[in-house]
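A short write-up of the structure that comes next.
The values are calculated or read from the model by the stated rules, or taken from the named source; none is laboratory data. Just so it is clear, the model here is predicted, and its values are computed rather than measured. Here Cβ is always computed from backbone atoms with ideal geometry, including for glycine, and neighbour counts include all displayed protein chains. Surface areas here come from the heavy atoms of the whole protein model, side chains and all, with no ligands, DNA or RNA. Shrake-Rupley method; radii C 1.70, N 1.55, O 1.52, S 1.80 Å.
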Amino acid sequence: MPSIKSPETFHQDSQELIQKINNLITQAVKAEFDGRSNDHPLILVNAIKNIIGDDRDNPSSKLLDLSDNYINQFSCRENENQIIDKVMIDGYGLAVFVDDVEEAIIYGNKDNAELETAKQLLASDKSPAILECLAQFALHDIESLGLFTYHWLRSFNFHQEKEILWSYSRAMINEIFKIHLQQQQIQTEILKPQDYMIFFLNYENKGNIPTFSAMNRLWYADYVRGESYRNSISTWLEKTKNAEKTEVANSIDLENYINNGGRYFIDLSEQLFDTYQINVAAQKIVELEGLRGVAKNASPEYFPIIAQCINFTVS
């Protein structure tokens with residue numbers, strides 16, 4: 001871990017910062033990652049990107065260093081372009097169907113899933129639509145893949161580079177095949193995350209706050225497959241444990257941040273950097289970013305409860 005004596009912020013122009021973050025995203029999305037999907041380095045990079053965005057003129061070098069150090073624990077996937085290069089040489093045939101990707105995923109054939117995804121990508125002239133398709137499958141299991149899916153989609157939205165679409169696709173397929181996805185029933189009753197906020201802002205459900213925050217933000221995001229995403233979120237919410245026991249804390253600092261902006265979450269994240277070992281700090285910063293997302297979409301009555309959740313996270 002870098003020395004805590006290094007400057008907390010550094011000045012650079014916006015293009016240099018954007019390139020730095022893009023490089024971190026590229027490295028994260030190409031990482032050979034075999035752990036839990038909720039610990040994927042891409043989640044941390046996107047979370048830190050969001051937090052740093054509160055003061056773009058003076059981005060935190062500590063948080064950028066933490067991203068670097070966390071990602072560097074993982075090697076890069078080998079033979080990254082082997083499959084798509086082969087499809088470019090052999091061709092992808094006269095007809096390409098999204099159903100072929102879904103069938104390969106449902107039947108647990110990872111090689112075919114990657115092959116059919118490569119065909120989709122090339123047949124569409126590298127359209128990012130394939131990401132929405134893969135996200136739709138992943139959201140059949142929000143408990144396992146919801147947090148990763150949200151940050152995966154949002155990090156590409158920031159990056160917007162066609163040449164990295166294949167790496168994004170492979171990263172998602174790798175996470176999907178850590179579990180066994182099943183067909184999902186259509187949810188007849190629409191359940192909105194905002195109506196379940198109090199259930200997640202309690203100690204029993206504390207570990208689910210980052211996923212809840214991600215799904216709350218994804219609910220309102222503008223995607224072609226948004227209706228399918230909302231159906232998956234409704235299905236997940238229906239299984240939520242009904243727990244309303246909450247605690248409160250002084251929320252003046254949080255309220256000041258919501259009303260005026262500032263470095264509130266940056267300072268808390270740097271405190272975590274200084275206090276904890278890298279993997280623990282990374283997990284807590286992802287939790288903190290989730291609470292930041294919840295707070296930005298919450299009414300003031302929830303601020304004392306969110307403030308106490310923040311206290312639990314940074315303690």
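Before moving on, here are some points about what is shown:
- Condition check for Asn58: within 24 Å of Val286 (Cα to Cα), open to solvent by less than 50 Å² (accessible area, probe 1.4 Å) and touching a strand residue (DSSP E or B) at 6+ places or on another chain (Cβ under 6 Å): yes
- Among the numbered conditions (1) under 18 Å from Val29 (Cβ atoms); (2) of a type in the set (S, T, N, Q); (3) within 24 Å of the chain's Cα centre (by Cα), the only one that Ser61 does not meet is (1).
- Candidates are the residues of the range 291-315 that are assigned to a loop (DSSP other than H, G, I, E, B) and surrounded by 15 or more Cβ atoms within 10 Å (Cβ to Cβ); the one that is modelled with the highest pLDDT is Ala298.
- Just one residue in the set Glu270, Glu238, Glu255, Glu175 is out of contact with any Gly (no Cβ under 9 Å at 6 or more places or on another chain) and farther than 22 Å from Val286 by Cα; that residue is Glu238.
- Test: residue in the range 25-41 that is open to solvent by less than 10 Å² (accessible area, probe 1.4 Å), within 19 Å of Phe177 (Cα to Cα), of a type outside the set (Val, Ile, Thr) and part of a helix (DSSP H, G or I): yes
- Helices (runs of 4 or more DSSP H) contained in the range 87-182 and holding at least 1 residues farther than 23 Å from Gly35 by Cα and either of a type in the set (A, V, I, L, M) or open to solvent by less than 50 Å² (accessible area, probe 1.4 Å) (or both): 98-106, 110-123, 129-138, 142-159
- Close pairs (7 angstrom Cβ cut-off, 6 or more residues apart or separate chains): in contact (Cβ under 8 Å) with a residue 40 or more places away in the chain and open to solvent by less than 10 Å² (accessible area, probe 1.4 Å) in the range 209-220, of a type outside the set (Asp, Glu) and not in a helix (DSSP H, G or I) anywhere: Asn216/Asn297
- Test: residue in the range 282-290 that is surrounded by fewer than 19 Cβ atoms within 10 Å (Cβ to Cβ) and either in contact with a Gly (Cβ under 9 Å, 6 or more places away or on another chain) or among the β-branched types (Val, Ile, Thr) (or both): no
Condition check ((1) of a type in the set (Phe, Trp, Tyr); (2) exposed (fewer than 14 other Cβ atoms within 10 Å of the Cβ); (3) outside any helix (DSSP H, G or I)) across all residues:
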site: Ser228; (1), (2), (3): no, no, no
site: Ile233; (1), (2), (3): no, no, no
site: Leu237; (1), (2), (3): no, no, no
site: Thr240; (1), (2), (3): no, no, yes
site: Thr246; (1), (2), (3): no, no, yes
site: Asn256; (1), (2), (3): no, yes, no
site: Asn259; (1), (2), (3): no, yes, no
site: Ile266; (1), (2), (3): no, no, no
site: Asp274; (1), (2), (3): no, yes, no
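- Members of the range 61-80 that are open to solvent by less than 20 Å² (accessible area, probe 1.4 Å) and of a type in the set (Lys, Arg): Lys62
- Any chance Ile52 is more than 30 Å from Gly262 (Cβ to Cβ), in contact (Cβ under 8 Å) with a residue 60 or more places away in the chain and part of a helix (DSSP H, G or I): no
- Total residues in the range 241-285 satisfying the condition of being modelled with pLDDT under 95 and of a type in the set (Lys, Arg): the figure is 2.
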